[in-house]
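A.B. asks: Below you'll find the structure I mean.
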Amino acid sequence: MSVESAGRIGRGLSRRGALVALAAGVLAATAGVAEASGVEGAQIRAEFLHAWNGYGQFAWGHDELTPLSGGYSEFFVPGRPIGLSIIEALDTLYVMELDTELAAAVAWIEQHLDFDIDGDFHVFEAIIRVVGGLLAGYLATDNKKLLALTVDLADRLMPAFASPTGMPYQYVNLHTGAVSGNTPPLAEIGTNILEFGMLSQLTKDPKYLEAAKKAYRAAIAKRSPINLMATNLNVETGVWADRTDLAPNPPSDSFYEYLWGGWALLGDRDCFDWFHLLNDALTRYEVETYRGRVWYRQVDFETGAVTGRRQSELASFWPEVLGHAGQLSLGRAYYETWTAILDKYPVLPEEIDYTTMTVTSKSNQFRPEYPNASFDLYLQTHDRYYATTAWQYFLGMRTHARVPNGYTIIDDVTTSPMRLGDLFPAYGFAENFKYLYLTFTETPRFDRADFYLSTEGKILRGLRR
Ligand code: DMJ
C-alpha cells in the first residue's frame, strides 16, 4: 500500500458523528456520569481514530509518529522500520470493530514485515511490543502469517537466553544472533513468560516457556535472606550490580507483574509461589503511609533500610495486580494515591518525591499505567469510582495531549499550557485507548469476565471471534 492511500485508511465514525458523540460526552462528564453506556466508548474510539489517522497520514509503515513535525521515527534500529505502531494496534483495532483499518494493517504486515535485520534489537521491548502484538493480532484474526512471523521473531531472540545463567542479554542482532548488554534490570529479565508461554502453547514447542522459567528461576535465586531483590543483575556471573529494591517502580515493575501473570494466564504454580514470596516482602518493607497516603519506598535489599522516597508514574499500574492477588484494600489505597496526584496534575508527571510532593521528572510519555489500573479494578469490582476516575484521566489526556495530527507526549506537565513534546509512542495504540474503551464498552469481541492483558496491553486471553 502506498503512503498516500494509507493516509486515508482511518474512518469509522464520521466527523459529524464524532462531534455529536464529543458533545454528548461533555454533557455526560459534566453530570459526573461514567459507566458502560456506550457514549463514552464512542468518544474514546473517535479519539483513537484521530491518533490512528495521524499515524496513517504521516508515518504509515514507520515505527512511530512525530505529530508536531508531521514526521516519523524508528524505534529499534535507525533506518529500519518494522511498522511498530501497526503491530501494536492490531487487537485494539479488532475490539473497536475497526475492521477496514485492521485489514489494512494486516495487509501491510503480510507485504512488508521482515525480521531479517542486521541490527541490535532490544529484547524486552521486542517481546512485549512485537511478539506480544503479533500474538494478539493472531488471536484476533486467526491469520497464520501473523503466527509465523511471531515464531520467526521469537527464534531470532532466543540467543539472548543462552547466557551462562539463562537470564537474557539485553540486545540481539536479528540477523547474526550476536548478543550484548550483560546487566539488565529485573523487568528485562522477567517480562517474557506470558508471550513465550502463549507461544509454547500455540506451537506445542516448550522451548520458549522453558527459557522464560529458567530466567525467572535464576533471578529469584539471587533474592536476599529477607526476600528482597536489588535491581540489575549480571547475566553471566549472576552478581547484582546494585543494592536497591525499588519495585513496583521501574525498572523492576513488570518482573513482578509477570509473576502474577504466569499464574493467572498460564496456571504456573512456581510463579504463584514466587509472586507471594516477593510481594510479601515488598508489603512488609516498602509499603508505608506518608502524610495520609500509601506509597512504596525504596529499600536496601539485604537490610530493608530506607534508601529513597520517590514514586514513578509507571508504578501506577500496580493497584490492579494487588487487586487480583488478594490485596484489594491496599490496591485501592495506592490507586487513591495516584488519583490525588491526578487531581493536581491532569496529566501525571513521570516522577515525584512524595516527602515534599515535588515533581522530580516533569514529562509524561503518554503513559497508560493509571487507566490500566482503572480498567482492571473496575472490571474486578464494578465500583464506579474506577470508571469515574478513568474518565477523569481521559479528559486530562484529551485536553492536554491532543494535537491536530493526533496525540503527543508532554515535556512539562507543570506549565500552563503544558509544554508538548513531539512523539506518539506506539504503545499508545496498544494501551491507553484500549483500557479506556474496554472500561466503558461492552463488545461481543471481548470477554469482560475472563481476560488477561500483557504489560503492553495485548489481549492474551479474552478475545472472542
Ligand atoms: C509500556 O511499554 C509497558 O507498559 C511497559 O511495561 C512499561 N511501560 C510502557 C508504557 O509506559
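A.B. asks: Tell me the residue from Ala390, Ala315 that is crowded, with 17+ Cβ neighbours inside 10 Å, away from the ligand (no atom under 14 Å from the Cβ) and modelled with pLDDT of 95 or more, please.
C.D. replies: Numbers: Ala315 fails: away from the ligand (no atom under 14 Å from the Cβ).
Unique residue meeting the criteria: Ala390.
A.B. asks: Looking at the structure I just gave you, is Asp270 more than 16 Å from the ligand (Cβ to nearest atom) and at pLDDT 95 or above?
C.D. replies: Values: more than 16 Å from the ligand (Cβ to nearest atom): yes; at pLDDT 95 or above: yes.
In short, yes.
A.B. asks: Determine, yes or no, whether Ala218 is surrounded by 24 or more Cβ atoms within 10 Å (Cβ to Cβ), under 20 Å from Trp263 (Cα atoms) and in contact (Cβ under 8 Å) with a residue 12 or more places away in the chain. Talk me through it step by step, then tell me what you get.
C.D. replies: Numbers: surrounded by 24 or more Cβ atoms within 10 Å (Cβ to Cβ): no; under 20 Å from Trp263 (Cα atoms): yes; in contact (Cβ under 8 Å) with a residue 12 or more places away in the chain: yes.
Answer is no for this residue.
A.B. asks: Then there's this: With the structure loaded, tell me whether Glu188 is assigned to a helix (DSSP H, G or I) and more than 16 Å from the ligand (Cβ to nearest atom) or whether it fails that test. Walk me through how you get there before you give the answer.
C.D. replies: Details: assigned to a helix (DSSP H, G or I): yes; more than 16 Å from the ligand (Cβ to nearest atom): no.
Criteria not met by Glu188.
A.B. asks: Right, here's the next one. For region 136-144, does any single residue satisfy the condition of being within 16 Å of the ligand (Cβ to nearest atom) and at negative phi?
C.D. replies: First, pick out the residues of region 136-144 that are within 16 Å of the ligand (Cβ to nearest atom): 136.
Subsequent filtering for residues that are at negative phi retains 136.
Yes, region 136-144 contains at least one residue that is within 16 Å of the ligand (Cβ to nearest atom) and at negative phi.
A.B. asks: Taking the conditions exactly as written (surrounded by fewer than 19 Cβ atoms within 10 Å (Cβ to Cβ) and more than 23 Å from Thr244 (Cα to Cα)), does Leu395 satisfy them or not? First the steps, then the outcome.
C.D. replies: Numbers: surrounded by fewer than 19 Cβ atoms within 10 Å (Cβ to Cβ): yes; more than 23 Å from Thr244 (Cα to Cα): yes.
Taking the combined requirement at face value, the residue satisfies it.
A.B. asks: Please specify each residue of region 290-311 satisfying the condition of being in a loop (DSSP other than H, G, I, E, B) and of a type outside the set (S, T, N, Q). Even if it seems obvious, please write down each step before you answer.
C.D. replies: Filtering region 290-311 for residues in a loop (DSSP other than H, G, I, E, B) gives 291-292, 297, 301-305, 309.
Across region 290-311, the qualifying residues are Arg291, Gly292, Arg297, Phe301, Glu302, Gly304, Ala305, Arg309.
A.B. asks: Report yes if Thr439 is touching a residue at least 24 places away in the same chain (Cβ under 8 Å), closer than 30 Å to Leu265 by Cβ, buried (at least 17 other Cβ atoms within 10 Å of the Cβ) and more than 15 Å from the ligand (Cβ to nearest atom), otherwise no.
C.D. replies: When the stated conditions are applied, Thr439 passes them.
A.B. asks: For region 340-387, what are the residues that are within 16 Å of the ligand (Cβ to nearest atom), in a helix (DSSP H, G or I) and touching a His at 6+ places or on another chain (Cβ under 9 Å)?
C.D. replies: Asp376
A.B. asks: Here's a follow-up. Which residue out of Tyr258, Tyr208 is among the hydroxyl-bearing types (Ser, Thr, Tyr), within 16 Å of the ligand (Cβ to nearest atom), part of a helix (DSSP H, G or I) and under 23 Å from the mean Cα position of the chain (by Cα)?
C.D. replies: Numbers: Tyr208 fails: within 16 Å of the ligand (Cβ to nearest atom).
Just a single option satisfies the conditions, and that option is Tyr258.
The values are calculated or read from the model by the stated rules, or taken from the named source; none is laboratory data. Everything numeric in this text was worked out from a predicted model, so none of it was measured. Reconstructed Cβ throughout: ideal geometry from the backbone, glycine too, with neighbour counts over all protein chains shown.
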